[in-house]
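Participant: Below you'll find the structure I mean.
No value in this document is a laboratory result; all are computed from the given coordinates. Computed from a predicted model, the values in this text were never measured in an experiment.
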Amino acid sequence: MRQSFIVVRDAETETLLRNIANPLFRAAGVDPGLVRIILLRDDAINSFVSTGNRMFINTGLIAGANSVGEIVGVLAHETGHISGGHLARLPDAMQEAMLETIAATLFGAAAVVGSSQSRSRGPFGDNSVGDAGMGAMLGGQQLAMRNFLSFNRGIEAAADQSAVRVLDRLHWSAQGMVDLFRRLENETVLTTAMQDPYLQTHPLTQSRIEFVTHHLDGNPYAKAALPAAFEPAFQMVRAKLQGFLAPSSQTLARVKSDDQSAPARYARGIALYRLGHTDDALKLIDGLIAEQRANPWLYELKGQILFEGGRGALSLAPYREAARLAPEQSQIRAALARALIETGDPAQLRPAIAELQSALAREGDDGESWRALGTAWGRLGDLGQANLALAEEAMLNGDIARANLLAGKAEKLLPAGQARMRASDISNAVKRENRKGF
């Protein structure tokens, strides 16, 4: 049976995961730049790695964790799979099937991102994709985790051993691993259909629990505190996921108005925004900004609320502040660019192009940004650049015929230089693909 997946693109959540994972990767001897972390919208507590050093994290893992320590433990374990080369131990036929499945899934992401007509310009995308309004829906086959990623117990134990070694090197506690194991332990007696998927992809045995528990006995880092910024960032991300993923009425009922903690106000503000109560949502977000003036994610969300609330001109200031505070975040720059384009002011088109070019220099596989760039160039009357940007989008979507057509047009219109060379590269790539087809 085929299953569609939704990839969640949110700079705040991705930053939290990277801030945790990158030190783990380095301590394990893994280059962080070689690992792609992908967040999936799925309520189940689960995570897994695939060929090509891709690490998949379910939103359910973050929402279901009691502390950031549990996330740290899971990421340390998955890092153990990568550093240990465990996927390479799978039979060749299984590796090939996994590669084809993952490739089909990620190809689907590019196709839908490029062809969607999302109204949203900020994190979590558009309400046309499910109730929560999350990023890009992935076509393709089910990842078949139960068939491909049910590692044998020996490999799981090896990943645990690697995890605790890496955590010790960082002077981080492995208590989160035990906490998660203990919570899942009672599920091991359930039938496979009733178990949490984490138990199916990571078979949990008493020996694994005993190993980590024994490791903590007398360990100098057993009660060591994790970096101070981790827990508050985790609490805000978990609140954000609740605000976007759960029905808004449920969030408002669960998170009481007398709870004045920052995560509670964050969740309530998002729920109110999703219900169309723009002013009430802005009041809560502005209150948080007053307390956390260096938090780019709050400005980003304020920009999104204003933009989608029909106040596009007002969204520019918070988007710009978010971009100033987090200049490396391509998603924020792309959101600012789209807001600039939607003002309808020709004077804003070149600044929008600059923002999009900066974003695409970091994430060149964002089809929506290529389409926005094509729109901006088109409105400036530069049809050569417009066709080139749309050809890039078509290539990402796998629409070879359209990419060839647009690249050919761009090649004829562009003056000699780097842009025309890129149009030629696309045309040549299309010709190579066509020859392969024959």
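Participant: Treating the Cα atoms of segment 243-437 as identical point scatterers in vacuum, please give the log10 of the normalised Debye intensity I(q)/I(0) at q = 0.12, 0.13 Å⁻¹, two decimals.
Facilitator: The computed values of log10 I(q)/I(0) come out as -0.69, -0.76.
Participant: What number results when the radius of gyration of segment 209-345, computed over Cα atoms, is divided by 2.2 N^0.38 Å? Show your work: numbers first, answer last.
Facilitator: Numbers: Rg = 18.5 Å, N = 137, 2.2 N^0.38 = 14.3 Å.
Relative to the rule-of-thumb radius for its length, segment 209-345 sits at 1.29.
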